[in-house]
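Take a look at the structure set out below.
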Amino acid sequence: MLKKIIAILLILSTLLLSSGCNYIRKSFALDDNIIFVPLDSRPVNTQNVSILTKMWGKNLSLPPENVLDDYTKPGDFEALKKWLNEEVSQNNVYAIVISVQQYINGGLIASRDIKNYNDYEKRLLTLYNFIKKNKDKNIIIFSVIPRLKPTQFSDSEYIKYNQQIVEFSELKDIVDLYHREIDVKKLEKIESGIPTDLIKNYNNLFEINDVINQKLIDWTRDGYIKTLVIGNDDTSQYSMTNMVSRKLSQYAERCGIADKVYMLHGADEIGMEITARLANEYYKQRPRFHVVYDVKNPEKIVLPYEGADLKKIVEEKINFIGGKTDSNGESILYIHTNKNLGIKSDIDKYKNIGQNFGIADVAYTNMADANVVDAVLKDDPVDIMYAGWNTPSNAIGTVISEMALKAILDKKLMPPNKRDEAIKSFVSLSFIRMADDYGYQAIVRNEMYKWAEVNNINKDYIDLESSNDELLIKMKPILDMLSIKYKGKMILGKKIKKVETNVTYPWDRMFEVEVMPKVEFVR
């Protein structure tokens, strides 16, 4: 009797699996984890990626806080290696995503200092052994080419020669591109005025990074890495960052794997773009974006901190997540560049019923355009997707990722038991962008800088307890206003009852905050 029951169950399961019933397959798989080693421990690289991942029904498995970097303190490599091996041994792993800068250097800030490359060969070999052992899994590696300028964390000598180093970097790229004698002489003159050890360390950063990325391309060619992403950190139209990126792209083409190696501008938003790409692969979706620019000739505009024109950056990010540009696309992506534009009339013009509408606000760096946010809040903050933080690439990549995942939510592709959390995650990210990009970056950050100056506090090395107390005082009116704006709004059949929020500094500095919303729907 028992044998007959087992036989019947086997026949039924075979029929269900062969019937093309995607819902049944996904209902089992949606509990799977994405193992994620982030670029660093800031919310944009951890919390935001986790929220977006929940929007398509999966869980982001992050290393414990004490394993990751903490501002200028690099992450714990041995603890990270142990955690990664333990996580990958689980049966419910859908994908493995690893930041090279976290793995080899201990975070993005650490990767900008040559001293954090002492063990890079050993750690690179450990990474190779790990991916080779797990080559049957969906492995995505992302790496970042160093930024153009030395940072405030660099040695004082570096900072002293900051402008000369920038000119040196730009001329290196120009000489490599055009081979003009006049540029060679300019380069020699600039180089002669910079201490030899500084030039050596600056060159070494890019040379070692190039070696690492070439190895990653080799491993992608050999089939150990499914997708390789190489980002260009803060740069300009000409720089050694661009030069290295260009040569790596050429190397990938010679290896015959240009379709598996993606060169992207930006850094902090790459984790969000990766989870959007994974979602589109999983659900076999190809979102179509109707891109609207508020400026003519976007292919001729190079914005601050970027090494490519605006149109190229937008299209490369849409392509990477698995989408395409289409004038009849179901998602309208509005690129806002002008500081005095009447944005409300454009929203009314392009935002049609039944279409997703998103705004990439790149009018300013490191903050939102208050006029844009005002128009969004007067319309409907959960009906318009928005990002306007840090560099143009950061804002563009964030809103493109969110729009792609909203399209998946609209199509109800995930099981019902995952849907509520996914919608709450969507509202959470929307609220974060309003509170962070607008509330903190455009308004409160300068107020906190002034408070720090009056109290003789270095804004880059703060006392967390007192600073967090003052932060909450200054943010409370904005958070209360936003909570009122979101209350009662309808999103995908759900009515928002309330959004409760806390806000703190994740690191001992005032540059960024962590906004932690808790969304509740009306039952």
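The values are calculated or read from the model by the stated rules, or taken from the named source; none is laboratory data. Quick caveat: nothing in here was measured; it's all calculated off a predicted structure. Every residue, glycine as well, gets a Cβ built from its backbone with ideal geometry; the counts of neighbours run over all protein chains shown.
Of L471, L413, all but one fail to be out of contact with any Asp or Glu (no Cβ under 9 Å at 6 or more places or on another chain) and assigned to a loop (DSSP other than H, G, I, E, B); the exception is L413. Of the listed requirements (1) modelled with pLDDT of 95 or more; (2) out of contact with any Asp or Glu (no Cβ under 9 Å at 6 or more places or on another chain); (3) surrounded by fewer than 24 Cβ atoms within 10 Å (Cβ to Cβ), F431 misses just one: (3). One residue alone among K137, K122, K172 is of a type in the set (K, R), in a helix (DSSP H, G or I), in the same structural domain as K260 (by TED's automatic domain parsing) and surrounded by fewer than 18 Cβ atoms within 10 Å (Cβ to Cβ), and that residue is K122. The residue pairs whose first member lies in region 210-224 and is within 17 Å of Y103 (Cβ to Cβ), whose second member is of a type in the set (S, T, N, Q), and whose beta carbons are closer than 8 Å, counting only pairs six or more residues apart or on different chains, are I212/S143; N213/S143; L216/S143; T220/T227.
Could you tell me whether any residue of region 201-208 is of a type in the set (S, T, Y) and touching a residue at least 60 places away in the same chain (Cβ under 8 Å)? No, the conditions are met nowhere in region 201-208.
Checked against (1) in contact with a strand residue (DSSP E or B) (Cβ under 8 Å, 6 or more places away or on another chain); (2) under 16 Å from V362 (Cα atoms); (3) touching a residue at least 24 places away in the same chain (Cβ under 8 Å), R286 passes all but a single condition, namely (2).
To keep it simple, each residue is scored yes or no on (1) crowded, with 18+ Cβ neighbours inside 10 Å; (2) modelled with pLDDT under 95; (3) touching a Leu at 6+ places or on another chain (Cβ under 8 Å); (4) not aliphatic (A, V, I, L, M).
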residue: G106; (1), (2), (3), (4): yes, no, no, yes
residue: I131; (1), (2), (3), (4): yes, no, no, no
residue: I141; (1), (2), (3), (4): yes, no, yes, no
residue: P146; (1), (2), (3), (4): yes, no, yes, yes
residue: T151; (1), (2), (3), (4): no, yes, no, yes
residue: L177; (1), (2), (3), (4): no, no, no, no
residue: D197; (1), (2), (3), (4): no, yes, no, yes
residue: N203; (1), (2), (3), (4): no, no, no, yes
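From the list D113, D40, D76, pick out the single residue that is more than 25 Å from A276 (Cβ to Cβ), modelled with pLDDT of 95 or more and not small (G, A, S).
Details: D113 fails: modelled with pLDDT of 95 or more; D40 fails: more than 25 Å from A276 (Cβ to Cβ).
Sole residue among the options that is more than 25 Å from A276 (Cβ to Cβ), modelled with pLDDT of 95 or more and not small (G, A, S): D76.
A residue that is over 22 Å from T275 (Cβ atoms) and either in contact with a His (Cβ under 8 Å, 6 or more places away or on another chain) or surrounded by fewer than 21 Cβ atoms within 10 Å (Cβ to Cβ) (or both) occurs nowhere in region 388-401. Close Cβ contacts (under 7 Å, 6 or more residues apart or on different chains) running from residues in region 354-375 that are within 18 Å of V292 (Cα to Cα) to residues that are of a type in the set (A, V, I, L, M) and assigned to a loop (DSSP other than H, G, I, E, B) comprise D361/A368; V362/L303; D369/A363.
Residue-by-condition table, conditions (1) of a type in the set (A, V, I, L, M); (2) touching a strand residue (DSSP E or B) at 6+ places or on another chain (Cβ under 7 Å):
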position: P416; (1), (2): no, no
position: R419; (1), (2): no, no
position: N456; (1), (2): no, no
position: K459; (1), (2): no, no
position: M475; (1), (2): yes, yes
position: K495; (1), (2): no, yes
position: D508; (1), (2): no, yes
position: V522; (1), (2): yes, yes
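Considering D436, D410, D460, the condition of being touching a residue at least 60 places away in the same chain (Cβ under 8 Å), under 30 Å from N356 (Cα atoms) and surrounded by fewer than 20 Cβ atoms within 10 Å (Cβ to Cβ) is satisfied by D410 alone. Give the residue that is surrounded by the fewest Cβ atoms within 10 Å (Cβ to Cβ), with candidates limited to residues of region 439-457 that are aliphatic (A, V, I, L, M) and touching a Leu at 6+ places or on another chain (Cβ under 8 Å). Once the filter is applied, the top-ranked residue is M448. The set of residues in region 140-165 being in a helix (DSSP H, G or I) and either polar (S, T, N, Q) or touching a Cys at 6+ places or on another chain (Cβ under 6 Å) (or both) consists of S156, N162, Q163, Q164. Can you confirm whether region 57-70 contains a residue that is in contact with a Ser or Thr (Cβ under 7 Å, 6 or more places away or on another chain), farther than 20 Å from V229 by Cα, of a type in the set (D, E) and surrounded by 20 or more Cβ atoms within 10 Å (Cβ to Cβ)? There is at least one residue in region 57-70 that is in contact with a Ser or Thr (Cβ under 7 Å, 6 or more places away or on another chain), farther than 20 Å from V229 by Cα, of a type in the set (D, E) and surrounded by 20 or more Cβ atoms within 10 Å (Cβ to Cβ).
Does I225 satisfy being in a helix (DSSP H, G or I), within 23 Å of the chain's Cα centre (by Cα), surrounded by 21 or more Cβ atoms within 10 Å (Cβ to Cβ) and not assigned by TED's automatic domain parsing to the domain that holds G397? Step through it out loud before you land on a result.
Numbers: in a helix (DSSP H, G or I): no; within 23 Å of the chain's Cα centre (by Cα): yes; surrounded by 21 or more Cβ atoms within 10 Å (Cβ to Cβ): yes; not assigned by TED's automatic domain parsing to the domain that holds G397: yes.
Answer is no for this residue.
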